[in-house]
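Engineer: Next up is a structure, given as C-alpha cells.
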C-alpha cells in the first residue's frame, strides 16, 4: 500500500510535463468554434489510473462539443505548481489538487475554485446521492467546492484457513467479537501467527477506527482534541493492551509492512482498502472480506478517504467544466469505474446495483460508502496533527506509556496546533 493514502501510489513522471500542458484557464490554445477543450491535472498514477482515463475517454466520445485533456503527474508536482497557476489564470480548467481533501479550504480562501452547481439533472452534480462524509468535507459556507474524485474505505480482510483452524466460523460482527477474535487468532505471542496486522505510521490510519468503535475521536468539530475523552481512552486502552500484552500485532509497522505480514500468511486479519485484494490474490492467500464490525452502540463505521476534483475560478468554460463533473459523478459512470478499478462508487444509492453485486470485493466496499468517516475532516493542518500528535501517541501507548499520559501530551499538541482554547 506504500503510505496507503487510499488514492494511488505515487510515481514521478516528470515535472516538465505540467509546464508543457495546454492550460485553458488563462493560456489555453483557442478552441475551434465547434469544440471546447478542457485541461485537467490529476495525480492518479497508480493501478486505478485506467479507470480515470476511461471516464475521460467516454466523456469525450459522448460529448462532441467538449474535449477533456488529462495530464497525470505526481501529487508533489501538482501541489507545487497549481496554487500559483490557478491564482494567475495559467492553470488547468479542472484539477485534483492533492490526495488530501483538506487543501480545498486553502483554494476557497484564495477564491481559486468555483462552487459546484448541485441538484438533479444531467448538467448538475447530485450531491444528495454522494458519500455524505465527502460532501461535508468539501462544503464551505453552504457551498460545495469540489467533488470526490474517488472514494475508498477500509474493510476487514481475514484469512479463512486461520479462522477455521481456530474454530471461528465467521468474521467478527461486533467490536467485542473483534477484540476476542484478535486474541484467539494470536498464536505463541505472535511468533507463529498474529491475530491482526496493525500499522501506525506511513499508512492510512487504522487506529481511528478502533477509537470510533467505542465512540471516541481524535479532534472534535470545534478543533479541540477528543483524545482524552472517556470513549477515546477506553478504545485506546483496550487495543494498546491487546498489542502490548497479548501481542496481537507487531509494534511500529508501516502500512507496507502490515500488508506484507497478511500477504505472507502471518496475520489472520487486517483492515485494508480495495486496492489490496489483487495483491493478496497474487500471494495465494485464502481470504475473505467483511465490513468493519459494528461499534459498541451498534452503529456502522469505517475510515474513508477521497481526493478532491475542483474547477478553476478562472476557467473560460465553467458550464462545460460543470458538465464534466456532473458526468463524472453519474450512476452509469461510477458503475463502470468501480468495475474497472475495484474501488467503490462515490454514491450511496448503488448498494443494490446488480452489476456491482457481481464483484464481491466491490460490493463489500460499496456497502460502506454511506457509513465511512474521514480522518481529521476539514482540519487545514491535519498533516501536522497526524505527524506531531497522533502517530507519536500510538507509538507510545503500544510501547508501554500509559494511555492517560500519552493522550494528555497528544491533546496538548493538538490544541496548540489547532488554536483550541
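The values are calculated or read from the model by the stated rules, or taken from the named source; none is laboratory data. Everything numeric here is computed off the predicted structure, so don't read it as measured data. As a convention, Cβ positions derive from the backbone with ideal geometry for all residues, glycine included, and neighbour counts pool all protein chains shown.
Engineer: What residue, of 372, 404, 387, is buried (at least 17 other Cβ atoms within 10 Å of the Cβ) and either at pLDDT 95 or above or closer than 30 Å to residue 58 by Cβ (or both)? Full working, then the answer.
Structural biologist: On the way: 404 fails: buried (at least 17 other Cβ atoms within 10 Å of the Cβ); 387 fails: buried (at least 17 other Cβ atoms within 10 Å of the Cβ).
None of the other options fit; the residue is 372.
Engineer: Hey, another quick one. For the stretch 74-114, how many residues meet the condition of being within 20 Å of residue 325 (Cα to Cα), assigned to a loop (DSSP other than H, G, I, E, B) and in contact with a helix residue (DSSP H, G or I) (Cβ under 8 Å, 6 or more places away or on another chain)?
Structural biologist: Residues that pass the stated criteria total 10.
Engineer: Can you confirm whether residue 11 is assigned to a helix (DSSP H, G or I) and modelled with pLDDT under 85?
Structural biologist: On the way: assigned to a helix (DSSP H, G or I): no; modelled with pLDDT under 85: yes.
No: the conditions fail for residue 11.
Engineer: Follow-up. Quick one: what pairs do we get from the stretch 169-181, first residue within 17 Å of residue 287 (Cα to Cα), second in a helix (DSSP H, G or I), C-beta under 7 Å, 6+ apart or different chains?
Structural biologist: As it stands, the answer is 172/178; 172/181, since those pairs meet every condition given.
Engineer: Take residue 379 and decide whether it is in contact with a helix residue (DSSP H, G or I) (Cβ under 9 Å, 6 or more places away or on another chain), closer than 30 Å to residue 412 by Cβ and either free of Cβ contacts under 8 Å to residues at least 12 places away in the same chain or assigned to a loop (DSSP other than H, G, I, E, B) (or both).
Structural biologist: On the way: in contact with a helix residue (DSSP H, G or I) (Cβ under 9 Å, 6 or more places away or on another chain): yes; closer than 30 Å to residue 412 by Cβ: yes; either free of Cβ contacts under 8 Å to residues at least 12 places away in the same chain or assigned to a loop (DSSP other than H, G, I, E, B) (or both): yes.
In short, yes.
Engineer: Same structure, new question: In the stretch 350-362, what residues are buried (at least 18 other Cβ atoms within 10 Å of the Cβ), assigned to a helix (DSSP H, G or I) and free of Cβ contacts under 8 Å to residues at least 24 places away in the same chain?
Structural biologist: Scanning the stretch 350-362 gives a single hit, 356.
Engineer: So residue 270 ticks every box in (1) in contact with a strand residue (DSSP E or B) (Cβ under 6 Å, 6 or more places away or on another chain); (2) within 21 Å of residue 404 (Cα to Cα) but one. Which box is left unticked?
Structural biologist: Every listed condition holds for residue 270 apart from (2).
Engineer: Right, next: Scanning for something out of contact with any strand residue (DSSP E or B) (no Cβ under 7 Å at 6 or more places or on another chain), assigned to a loop (DSSP other than H, G, I, E, B), crowded, with 19+ Cβ neighbours inside 10 Å and assigned by TED's automatic domain parsing to the domain that holds residue 46, does the stretch 331-339 turn up at least one residue? It would help to see each step written out before you state the result.
Structural biologist: Residues of the stretch 331-339 that are out of contact with any strand residue (DSSP E or B) (no Cβ under 7 Å at 6 or more places or on another chain), as a first pass: 332-333, 335-339.
Filter again for assigned to a loop (DSSP other than H, G, I, E, B), leaving none.
Looking through the stretch 331-339, none of the residues is out of contact with any strand residue (DSSP E or B) (no Cβ under 7 Å at 6 or more places or on another chain), assigned to a loop (DSSP other than H, G, I, E, B), crowded, with 19+ Cβ neighbours inside 10 Å and assigned by TED's automatic domain parsing to the domain that holds residue 46.
Engineer: Now for a different question. Considering only residues that are touching a residue at least 24 places away in the same chain (Cβ under 8 Å) and surrounded by fewer than 21 Cβ atoms within 10 Å (Cβ to Cβ), look in the stretch 215-230 and name the one that is farthest from residue 407 (Cα to Cα). Explain how you work it out, then say what you get.
Structural biologist: Residues of the stretch 215-230 touching a residue at least 24 places away in the same chain (Cβ under 8 Å): 215, 218-219, 222-225, 227-228.
Now restrict to residues that are surrounded by fewer than 21 Cβ atoms within 10 Å (Cβ to Cβ): 215, 222-224, 228.
On the way: 215: 16, 222: 18, 223: 16, 224: 13, 228: 6 Å.
If we take residues in the stretch 215-230 being touching a residue at least 24 places away in the same chain (Cβ under 8 Å) and surrounded by fewer than 21 Cβ atoms within 10 Å (Cβ to Cβ), then 222 is farthest from residue 407 (Cα to Cα).
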